[in-house]
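Below: the structure, in structure tokens.
The values are calculated or read from the model by the stated rules, or taken from the named source; none is laboratory data. The model shown is predicted, which means the values in this text are computed figures rather than measured ones. Here the Cβ positions follow ideal geometry from the backbone for every residue, glycine too, while neighbour counts run over all protein chains shown. Areas reflect the complete protein model, heavy atoms only, side chains present, ligands, DNA and RNA absent. Shrake-Rupley method; radii C 1.70, N 1.55, O 1.52, S 1.80 Å.
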Amino acid sequence: MKHAPRLALAATVLLAGCAGPQNYMSTGGRAARELADLGWPVLLGFSLVTVVTWGLLFWVALRRRGSFDEHAPAEAGGGQRWILVGGVAIPVAVLSITFIATLGTLSTFPMAHAAMDEPDIRIVGHQWWFDAEYLPGGSICGGDPSQLGSHPASLPQGEQASLIVHSPTEVHIPVGVPVEIEVETHDVIHSFWVPKLHGKVDLVPGLKNRVRVQADAPGVYEGQCGEYCGVEHAQMRLQVIAQTPEDYVKWLNHQREDASVAAAAAQVQAGRQVFENGACILCHTVRGTAAHGLVGPELTHVGARQRIAGGVLANDTANLEAWVTNAQTLKPGSAMPSLRQFTGPELRALVAYLQSLR
Ligand code: CUA
């Protein structure tokens, strides 16, 4: 057993992969469970077929039964039963069972019923970040935890607009409630994929697709774009943060508030000046200020987010400073320019301002 340590290492690496934050076989919600219930038998069944096939190949390769001369004339038509059973009957049976099981799984997904409910959240793909927009007509957008799941009476247009909240790269949902998500794209095809909660659903230009996501337990569910969409495709991530209904409603109501720096320190006030006098406001919105740009992610509560740069970098001082000054090195081709014009004190003030937006 001189290979035992190496086998043990390989098994550890494989099992560590199973515990990964994006393992679709260990699920956190109903939709993902439907997929895993299909995925596990299929994975095991096809693994068995692979083992049997390789076993037969080795058996043929290793057994020697004389030369061609000894067997001349070669037996024509021999082994037809192998082909009929192993090459036709078994594949037809396996693929038919898989096909029927897949149709059963497909029928449990609500994609065909787009008109049924108002969406709760609209997720829009951009090169290369996800925007999440909370829609006031949805069933999880009221201000009362006990009202989650019921649709509010429709509000006048103006009031609706004031309730819309953007939460880029970070999607908050209440646990235990189905959340209707409408997905669309601003530019090219992207794909919404949070493996522990749901399979991939494409964001296609001109189409609105639907996903119904439900998380069983509070926690952070990692996701990412699942469709190649340009050079920074791999750097297009998102997090679904599932919270207790009370925490979720508290978060949502706080998100609806405008940014305020009225009582903030002098450095934060100075940072706001840098932000509003610089190029930042051409692309970003901070509600309650002069910044109304719509190109980049909304920053009204950016200080409270876990990540920046499309979900790639932790939201800390070093990364904020690096992102402002070197976005094109960190994520080449993204719409965020590298802004090198700030002095040291200006940059520190700007970052202090962004961190104050909680
Ligand atoms: Cu967006 Cu890949």
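The long axis of helix 4-18 is offset from the longest Cα principal axis of the chain by roughly 50 degrees.
The length gained by stretching the chain between Q22 and A72 to full extension, at 0.36 nm per residue less their Cα-Cα distance, is 12.2 nm. Sort the stretch 198-335 into rounded, prolate or oblate with this rule: let a ≥ b ≥ c be the square roots of the eigenvalues of the Cα gyration tensor; rounded if a/c is under 1.5, and if a/c is not under 1.5, prolate when a/b is larger than b/c, oblate otherwise. Since a/c reaches 1.5 but b/c is at least a/b, the shape of the stretch 198-335 is classed as oblate. The equivalent ellipsoid that matches the C-alpha gyration tensor of the chain spans semi-axes of 51, 26, 18 angstrom, in descending order. Take the Cβ atoms of A266 and L57, set R0 to 51 Å, and the FRET efficiency comes out at 0.10.
Of the solvent-accessible surface of the chain, computed with a 1.4 Å probe over protein heavy atoms with every protein chain present, carbon and sulfur atoms account for 63 percent.
For T325, the solvent-accessible surface with a 1.4 Å probe is about 30 Å², rounded to the nearest 10. To the nearest 10, the accessible area of T343 is 70 Å² with a 1.4 Å probe. Here the Gaussian network model covers the chain, with springs between Cα atoms less than 10 Å apart; of T108, T285, T53, T53 fluctuates the most.
Taking 7 Å steps out from each Cα toward its Cβ at L282 and R81 produces label points 7.9 nm apart. 3J(HN,Hα) along the stretch 343-357, derived from phi through the Karplus expression 6.51 cos²θ - 1.76 cosθ + 1.60 where θ = phi - 60°, amounts to 6, x, x, 5, 4, 5, 5, 4, 5, 4, 5, 4, 5, 7, 7 Hz, with x in place of Gly and Pro.
Full extension from I164 to V49: what is 0.36 nm times the residue separation minus their Cα-Cα distance, to one decimal in nm?
36.2 nm
Note on R340 and V92: their simple-model spin labels are 6.9 nm apart, each label 7 Å out from Cα toward Cβ. On a per residue basis, the stretch 209-312 carries 43 Å² of accessible surface, using protein heavy atoms and a 1.4 Å probe.
Taking label points 7 Å from Cα along the Cα-to-Cβ direction, V42 and T102 give a separation of 0.6 nm. Going by a ≥ b ≥ c, the root eigenvalues of the Cα gyration tensor, does the stretch 275-358 fall in the rounded group (a/c under 1.5), the prolate group (a/b larger than b/c) or the oblate group? Rounded, since a/c falls under 1.5.
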